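Heads up, the thing below is written out as structure tokens.
The values are calculated or read from the model by the stated rules, or taken from the named source; none is laboratory data. Computed from a predicted model, the values in this text were never measured in an experiment. Cβ placement follows ideal geometry from the backbone for every residue including glycine, while neighbour counts extend to all protein chains displayed.
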Ligand code: GDP
């Protein structure tokens, strides 16, 4: 079967928002309008009808679904579009997941609250999207609430986000009088026929808004003329008529959005159903198709330095990124894929280049809001879920084995916090292990393992909240009640000077002996560099075939450092010499020698303790700023600034994770429940000797 939707009519989008701005409601309404009411103008009178329809639809939707596919007929071009909505996790705790979702989408709708505007947390989300160069349009939601102020949000976008916010719609009325929207480009006004918000009709632009509309239209025209400064025809028209055709504006506005030069601003109220159809049109008209964005680049599995670009073309070799794995009650494991190039057919075998394994595609599913459809094949630019993958995990690349490439490097931040966990009943044990392993499968920043020393099961992740959510899911999704211990910090250590060692591992017992001899220098590296290995042996003092074993020995030994027993990071190990024996030398012997040499050198290299530092933002009313700052200092935090954002004080600081336990409760009681905070792992910081002893004794 050929593809149903030509590539240029496909949109892969995310809906991003600060908590409470209306991301869920907007998504629901998009699903509702695109599912049930295809033609504007059909009449469904009465709120009750709407409510029951929404509820009916909602039952079938999993808003938590990693991706949902809808269709929409854009009123301007009259084309049928396919829109894949990709869930973007709201919590900064799950950095890897947030970043991956930003990678697989081509554009986004940023939802802002018409009253709150750009809140501190929306800045974080926006900045992340900017880092990934994601083209964005903005939707000013909640135009119906008291205090709604469209222009205020536009200005905040400019000031706080450095966005090139360009209003292309204007609200007619606001708060309880919000009754319509003006399209600034076409200079058309639309008002809703009744309070359901389901149907709207075109009317004349209100007389008292004519000047405002002219000005907004001129701003758009000026922007387009500036953007098209190299196009003689457009510039001539601009100077002769002072205006541009709707077609010229729309075509070039789309280009400017795709190049991240502008963020058109739309408005409405999702809750009251108003403005959502026009927003859907805008998604089709202005956000990029997979053809409009740069091709995804990966690298050769055998050579990380060699880049390989994908091609957004159904006939190119197959390549896809697995961006989410979900344990599904019906089919087992659902793996969500973004296809970057080629075609994928059901029943075929693909190559997981991240793990060097072959996988069979048992089913391909298109996830709609209310049902899932089995399909035979899927194409470049699409988002689908597949069933049948056994070994593949989040972040893995699936491709054609003959044209192998890896799309994502496999480095995820190592967990910084761990908790012992046990099921409340003996019977829950097996269920709990299975559930934890499933969740670790879905989330590469979450780990679970058995601690041989204490006999406990450990869960480890990126923050207290991260693990709280895991425990909560255990109960709600997997029906396992569990007790957890006290959270513990995962420290690291590093070295502060160079040192050398010379270690020989030799055993002679009866027949074949063991012989490995390694001379090594280790030296400190900059924070974040990880482990670097170099071979500077000469004249075959150590045969090359034993070097990987030496490296493996160092890696293993570095997992429990000489000073704290925690992992040693950010160092370089250079093997400068050694010796070998033609009969007794083996990989095992050199691995042990490498491990011994590292231990010896590290102990001499003045190791120090490193502790995870969290980037913390606390939002509080004025009265509490002093208390909050004092409390952060008492927790060994470094304050980096206080800022008044929108009437709320935002206190920013770096605070050791070890000092952040119980902060939520503390903040709540100190601020009568009016304080709020976010935190995410930032970096590792060196700890002085006295404090190291105290921390390690805890
Ligand atoms: P999310 O946290 O961003 O997903 O926000 P939700 O969609 O859950 O919305 C947060 C709250 O705001 C909910 O109580 C919604 O009913 C309400 N809400 C969302 N959109 C609107 C709107 O346009 N107008 C009004 N009055 N309330 C809204």
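Numerical summary
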| item | result |
| --- | --- |
| Residue count, region 509-541 (criterion: touching a residue at least 40 places away in the same chain (Cβ under 8 Å) and under 16 Å from residue 586 (Cβ atoms)) | 7 |
| Count of residues meeting criterion [at pLDDT below 95 and within 13 Å of the ligand (Cβ to nearest atom)] in region 86-109 | 5 |
| Total residues in region 12-34, condition touching a strand residue (DSSP E or B) at 6+ places or on another chain (Cβ under 8 Å) and either within 9 Å of the ligand (Cβ to nearest atom) or part of a strand (DSSP E or B) (or both) | 14 |
| Every residue from region 357-373 that is touching a residue at least 24 places away in the same chain (Cβ under 8 Å) and either under 17 Å from residue 86 (Cβ atoms) or surrounded by 23 or more Cβ atoms within 10 Å (Cβ to Cβ) (or both) | 365, 366, 367, 368, 369 |
| Criterion: surrounded by 13 or more Cβ atoms within 10 Å (Cβ to Cβ), closer than 23 Å to residue 416 by Cα and out of contact with any helix residue (DSSP H, G or I) (no Cβ under 7 Å at 6 or more places or on another chain) - qualifying residue of 697, 676, 688 | 676 |
| Of all residues making up region 64-85, the number that are at pLDDT 70 or above, in a loop (DSSP other than H, G, I, E, B) and within 26 Å of residue 465 (Cβ to Cβ) | 1 |
| Matching entry among 271, 238 (being within 16 Å of the ligand (Cβ to nearest atom) and either surrounded by fewer than 19 Cβ atoms within 10 Å (Cβ to Cβ) or in a helix (DSSP H, G or I) (or both)) | 271 |
| Single unsatisfied condition, residue 523 versus (1) at pLDDT 95 or above; (2) in contact with a helix residue (DSSP H, G or I) (Cβ under 6 Å, 6 or more places away or on another chain); (3) surrounded by fewer than 20 Cβ atoms within 10 Å (Cβ to Cβ) | (2) |
| Options 335, 392, 341, 354; residue that is under 25 Å from the mean Cα position of the chain (by Cα), within 25 Å of residue 31 (Cβ to Cβ) and crowded, with 21+ Cβ neighbours inside 10 Å | 335 |
| Breaking point among (1) part of a loop (DSSP other than H, G, I, E, B); (2) within 16 Å of the ligand (Cβ to nearest atom); (3) touching a strand residue (DSSP E or B) at 6+ places or on another chain (Cβ under 7 Å), for residue 279 | (1) |
| Qualifying residues in region 509-520 (those that are more than 26 Å from residue 609 (Cα to Cα) and in contact with a strand residue (DSSP E or B) (Cβ under 6 Å, 6 or more places away or on another chain)) - the one surrounded by the fewest Cβ atoms within 10 Å (Cβ to Cβ) | 513 |
| Yes/no for residue 185 being farther than 17 Å from residue 272 by Cα, surrounded by 17 or more Cβ atoms within 10 Å (Cβ to Cβ) and in contact (Cβ under 8 Å) with a residue 40 or more places away in the chain | yes |
| Residue 306 vs. criteria under 28 Å from residue 408 (Cα atoms), more than 16 Å from the ligand (Cβ to nearest atom), in a strand (DSSP E or B) and touching a strand residue (DSSP E or B) at 6+ places or on another chain (Cβ under 9 Å) | yes |
| Pair list, Cβ < 6 Å and 6+ apart or interchain, from region 106-127 residues that are more than 30 Å from residue 9 (Cα to Cα) to residues that are in a loop (DSSP other than H, G, I, E, B) | 114/142; 114/143; 114/148; 115/145; 115/147; 115/148; 119/18; 121/18 |
| Breaking point among (1) touching a residue at least 40 places away in the same chain (Cβ under 8 Å); (2) under 33 Å from the mean Cα position of the chain (by Cα), for residue 562 | (2) |
| Selected residue [within 16 Å of the ligand (Cβ to nearest atom), at pLDDT 95 or above and within 27 Å of the chain's Cα centre (by Cα)] from 265, 257 | 265 |
| Residue ranges of strands (runs of 3 or more DSSP E) in region 547-651 with at least 3 members touching a helix residue (DSSP H, G or I) at 6+ places or on another chain (Cβ under 6 Å) and crowded, with 19+ Cβ neighbours inside 10 Å | 607-620 |
| Residues of region 223-235 satisfying the condition of being surrounded by fewer than 15 Cβ atoms within 10 Å (Cβ to Cβ) and out of contact with any helix residue (DSSP H, G or I) (no Cβ under 8 Å at 6 or more places or on another chain) | 226, 230, 232, 233 |
| All positions within region 639-682 that are within 19 Å of residue 492 (Cβ to Cβ) and at pLDDT 90 or above | 654, 655, 656, 657, 658, 659, 660 |
| Test: residue in region 115-127 that is out of contact with any strand residue (DSSP E or B) (no Cβ under 9 Å at 6 or more places or on another chain), closer than 17 Å to residue 260 by Cα and either part of a helix (DSSP H, G or I) or away from the ligand (no atom under 15 Å from the Cβ) (or both) | yes |
| Residue in region 37-56 that is more than 14 Å from the ligand (Cβ to nearest atom), in contact with a helix residue (DSSP H, G or I) (Cβ under 7 Å, 6 or more places away or on another chain) and either assigned to a loop (DSSP other than H, G, I, E, B) or modelled with pLDDT of 65 or more (or both) present | yes |
| Of all residues in region 1-11 being under 16 Å from residue 384 (Cβ atoms) and surrounded by fewer than 20 Cβ atoms within 10 Å (Cβ to Cβ), the one that is nearest to the ligand (Cβ to nearest atom) | 5 |
| Selected residue [over 19 Å from the mean Cα position of the chain (by Cα), within 15 Å of the ligand (Cβ to nearest atom) and buried (at least 18 other Cβ atoms within 10 Å of the Cβ)] from 143, 156 | 143 |
| Residue ID - farthest from residue 186 (Cα to Cα), chosen from residues in region 72-89 that are surrounded by fewer than 21 Cβ atoms within 10 Å (Cβ to Cβ) and either in contact (Cβ under 8 Å) with a residue 40 or more places away in the chain or in contact with a helix residue (DSSP H, G or I) (Cβ under 8 Å, 6 or more places away or on another chain) (or both) | 89 |
